[in-house]
Each structure stands twice: as structure tokens, then as C-alpha cells.
Amino acid sequence: MKRSLTVPLTALAPVSWGTTYAVTTTFLPPDRPLFTALLRALPAGLLLLALTRVLPRGRWWWRSVVLGVLNIGAFFPLLFVSAYRLPGGMAAVVGSVQPLFVVGLSALLLGQRPAPRTLATGVAAALGVSLVVLQGTGTLDVLGVLAAVASTASMAAGTVLTKRWSRPDGVGPLALTGWQLTAGGLLIAPLAVLAEGAPPALDARAVGGYLYLALANTAVAYWLWFRGIGRLTATQVAFLGPLSPLTAAVVGWAALGQVLAPLQVAGMALAFGATLAGQLGGGGSRPSSSTGSFSLTEKTARKDSMDLMDPRLRR
């Protein structure tokens, strides 16, 4: 994969995730956020494990669990709670605050001091979020908004830790994705049974919706996302996040008949501008002299080169 394609290919992940809300509310059984999260995560994880036939070793067992909880096990249920309780555009656009979470966590865990432009861009994205959410039609569901914010914080932490820990030698992003999806899915399974009981009856529309979520929306999208984390800075990756709410809002307007006020459109334009600005200058973060941020970047680059030669990733 040419490096010039890394950003657009990574961007396909949040674009795909932006369709989650429309699929959830249109095709899937109502009021089953945990069951939906389970069917999205576990089948995709098991599929990738079968394809790669690589299991974690040593400390990567617990690291996979931690990342699986943050990126999948906590993120998915909170995401679907917000999806069931909020309009699609409103639910997804809350994710635009992710760059601010990532900037703060990157300073703590990666030693990357944010440049003023990065902070200004993050505030601009958050302002775009506020314009869309506060001008949304209908009653604002507080629990739905809190779930959306919590899901964003969880994935932000997972993104930064994924960058900090990189990957084991000789292991590609496809295997890393499978580990996290499986760990997260296994965490969700007992919670889904305890909280929601037996699985609901599924019609053809629901089966098609779950297949889309598990394959294109999860297995492929998360593989592209984790591959992008290995090649870009954590801040650059985070600033692709607003593409998800933008996609959700456009899909909600075009396919679900949701109304967007002029101020909401302005908020989405602001969030999109922040997305573009966040890709300039490597995300605008400066490595701290007290950390090994440059060594981490060089190590990741070497592993990405190994991935291109790994026959397990040429499937």
C-alpha cells in the first residue's frame, strides 16, 4: 500500500461507521443494543482469527483484552445505546469530540505536546458538534448523549494505547484486529444474555443488516483503522473521526428523512474543516524530548514494512 493512500483508506473506516446508525434503526430489532454489539463484534473477530491463525503471546494476552474492552467491549454497547436513543446524525456527531480526548491522552501517554493549531482544530470540531447537537430536532435524550460521549472517550483511549503499544513483531493489523474483536465480543456476550435475555427472532432484513455490520462495517473497517494507526499519528487518526457523523447526518437526511437546520449544516461544515486541518503537518503534535516518540514511530514503520512481506496478509 502506498503511503499516499493511507489517509483515504483509513478514512473509509469512519465513513463506514457513519452508516451504523441508519442500519441499526432501519434493519435491526429494536431495543437490543447489547445483542447488536455482540453480533457485530464476535463473528468478525472469529473470522479474522480463522484467517490469520495467529494468537497473542506473553503480555499481548492482557493487552489484547484491554484494547478489546476499550475499542470494542465498552465502545460497541455504548455506541448502540446512543444509536437507539438518539437520531443518527445527532448520535454520531458527538464522536467529533474524539480529537480532544486523543490530544489529551497523547500528551499523557505518548509525550506528544499539542501544538496550538491542533488545540484550535479540536475546539473547532467540538464547536461543530455543539451546533449540530444543540440545534437537533426533538427532545434531547440525556442518557443517549452521555452514552455517545462515553463511547467516544473509550475509543479515544483505545486509539492512543494501540499507538503506544504498536504490535508484536511479525504480527499484522489483521491479527491485532481479530484479537480485539474476539476479546470485546466475549466480554459483551454474558452481558447481553443477562440484560436482554434470549436472542430475538430475525427476519431477512435483520440478517442482512447484521452481516453488513460484522463484515464491511467491522472486520474490514477496523482492519483499515488499526492499519492507519500504525502509519499515522494518533491525532491524525482521531481527526478522521468527524467523517463518521458527517456520513451519518447525510445518510439520515437522504435516506431517513431527517431534517437538518441551517445551523446544523454549518456545524457539520466546521467539523469537516477540522478533519481536513487535522491531517496537515502530521496532526500538529510535537514529541516530548522526555519520551521515545520518534523511536515508536520508526518501530511502527519497520513493522508496516514487514506486513507487506507477510504472506498471511496477502489474502
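The values are calculated or read from the model by the stated rules, or taken from the named source; none is laboratory data. Since this is a predicted model, take the numbers as computed values, not measurements. Please note that ligands, DNA and RNA were not included when accessible areas were found on the heavy atoms of the full protein model with its side chains. Shrake-Rupley method; radii C 1.70, N 1.55, O 1.52, S 1.80 Å.
Amide H contacts under 5 Å for LEU55: none, restricted to partners 5 or more places along the chain or on a different chain, H placed in the peptide plane at 1.01 Å from N.
Our coupling estimate for the stretch 114-126, obtained by passing each phi through the Karplus curve with A = 6.51, B = -1.76, C = 1.60 and θ = phi - 60°, is x, 6, x, 5, 5, 4, 5, 5, x, 5, 4, 5, 5 Hz, Gly and Pro reported as x. Counted residue by residue at 0.36 nm each, then reduced by the alpha carbon distance between them, the extension gain from ALA195 to VAL123 reaches 22.2 nm. Annotation: amide H-H contacts under 5 Å for GLY18 (H modelled 1.01 Å from N, sequence separation of 5 or more, or interchain): none.
Put the Cα centre of the stretch 9-32 next to the Cα centre of the stretch 50-85 and the gap is 18 Å. Amide H contacts under 5 Å for GLN112: ALA107, SER288, restricted to partners 5 or more places along the chain or on a different chain, H placed in the peptide plane at 1.01 Å from N.
Computed with a 1.4 Å probe over protein heavy atoms only, the accessible surface of the stretch 1-88 comes to 43 Å² per residue. In sequence order, the stretch 12-23 has phi-based couplings of 4, 5, x, 4, 5, 5, x, 8, 4, 5, 5, 5 Hz under the Karplus curve 6.51 cos²θ - 1.76 cosθ + 1.60, θ = phi - 60°, and Gly or Pro positions carry x.
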